[in-house]
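Written out below as structure tokens is the structure these notes cover.
Every read-out reported here was derived from the displayed coordinates using simple, explicitly stated rules and does not represent laboratory data. Since this is a predicted model, take the numbers as computed values, not measurements. Quick reminder, even Gly has a Cβ in these numbers, built from the backbone with ideal geometry, and neighbours come from all protein chains shown.
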Amino acid sequence: MTALHRLVVALVAAFILAPIVVVVAVSLTDSPIPEFPPRGLTLRWYAHALSEDVFTTSALNSLWLATAATALATPLALAAAYGLVRGRFRGRDAIQTLLLAPLVVPSLVIGLAILLAFSGMGVRDVGARLVGAHVLITFPYMVRTILASLARLDPAVEEAARTLGASALRCFVLVTLPLVRPGVVAGMLFAFIVSFDNVSLSLFLTNARTNTLPIAILNYVEYNFDPSVAAISTMLVAFSLGAALLVERLVGLRRVVGG
């Protein structure tokens, strides 16, 4: 790598990380309003954020919602990805494009469409509407990562297991699933983060009594201007980073991307 390449990489990294550094610094300021650079350091905004019922309640809502959406999307995505990779049928590429379509369709369009669909079907329960919508937006991320793992799996391994007398189900559970585990776990991580941080879908489907954390943050900054939101954002960044490091340690994200 030449000096110019190193400089470009450093500039790109700085451009990406600079907003995070600013948010972390603002979360530590002792000023009653966000300011950068901070004149003094304190952790009181973290305590203030954790003491606000609106944040803790909405965080729990986002937690159970992301968990439920990921749990429901995982078997669906695994079945879809396996069928697309191992299946031999006409229209396979069209079906794959359709399953991955939510990745390119604007989230606002999806949110409005889901709201209209649920209203037409008479689905009034906020929890059911949120879970259904979040399964829809997390499903493509899981399909994509599992497809990448399955595409690198040599079919001869499965054929050898079948030749030795393993049934199709036994071969899938004992051979295929352990080999694609990095893709499944990485997909679950991506799905959880996408669901937990989603704003556009939740904006259409929540109500005053069932808010997710991103919506609660939006409502809070509408009437308040203090570093509490920066403190929450810093905790979310730390949580996402910790989850990624945990998955890297357990299964290795490099295996998912072929590194």
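Things to note:
- A Cβ-based charge dipole, computed about the Cα centre of the chain with Lys and Arg at +1 and Asp and Glu at -1, lands at about 1000 debye.
- Positive end of the dipole of the chain (Cβ unit charges, origin at the Cα centre): among Ala18, Thr2, Phe36, the Cα lying farthest that way belongs to Thr2.
- Computed across segment 20-70, the Kirkwood radius stands at 12.5 Å (inverse of mean 1/r, all Cα pairs).
- When each of the peptides 182-193, 225-236 is scored by the mean number of other C-beta atoms lying within 10 Å of its residues, the order from highest to lowest reads 182-193, 225-236.
- With K and R counted +1 and D and E -1, the other residues having a Cβ less than 11 Å from that of Tyr220 yield a net charge of -3.
- Only helices enter this figure: runs of n ≥ 4 DSSP H residues, each worth -39500 (n - 2.57), summed and divided by the residues of the chain, yield -24000 deg cm²/dmol at 222 nm to the nearest 500.
- Percent RCO, i.e. relative contact order, over segment 130-249, from Cα pairs under 8 Å lying at least 6 residues apart: 31
- Per residue, the convex hull around the alpha carbon atoms of segment 51-194 comes to 141 Å³.
- Cα-derived Rg to Rh of segment 125-216, Kirkwood definition: 1.19
- Relative contact order (%) - segment 85-182, alpha-carbon pairs under 8 angstrom, separation at least six: 29
- Only Cα sites of segment 69-113 enter the Debye sum here, all with the same form factor; the resulting log10 I(q)/I(0) across q = 0.13, 0.17, 0.25, 0.30 1/Å is -0.37, -0.61, -0.97, -1.05, listed in q order.
- Across segment 1-158, the relative contact order, built from alpha-carbon pairs under 8 Å that are at least six residues apart, equals 23 percent.
- Only the Cβ atoms of Lys and Arg (+1) and of Asp and Glu (-1) were treated as charged; on that basis the dipole of segment 73-188 about its Cα centre amounts to roughly 100 debye.
- This ranking places Glu159, Glu52 by how few other beta-carbon atoms lie within 10 Å of each, fewest first, which gives Glu159, Glu52.
- Computed FRET value (nearest 0.05) for Asp53 with Arg181, which takes r as the C-beta separation and R₀ as 51 Å: 0.85
- Relative to the 2.2 N^0.38 Å rule of thumb, segment 1-108 has a C-alpha radius of gyration ratio of 1.74.
- The C-alpha atoms of the chain define a longest principal axis, and helix 107-121 lies at about 70 degrees to it.
- Sorting Tyr223, Tyr46 by the number of Cβ atoms found within 10 Å of their own Cβ, with the fewest placed first, yields Tyr223, Tyr46.
- Considering only Asp30, Asp197, Asp93, the mean-square fluctuation computed in a Gaussian network model of the chain, springs between alpha carbons under 10 angstrom, is largest for Asp93.
- In plain terms, the bigger the Kirkwood radius, the slower the diffusion; for the chain, with that radius from Cα pairs, at 25 °C and 0.890 mPa s, Stokes-Einstein puts D at 117 µm²/s.
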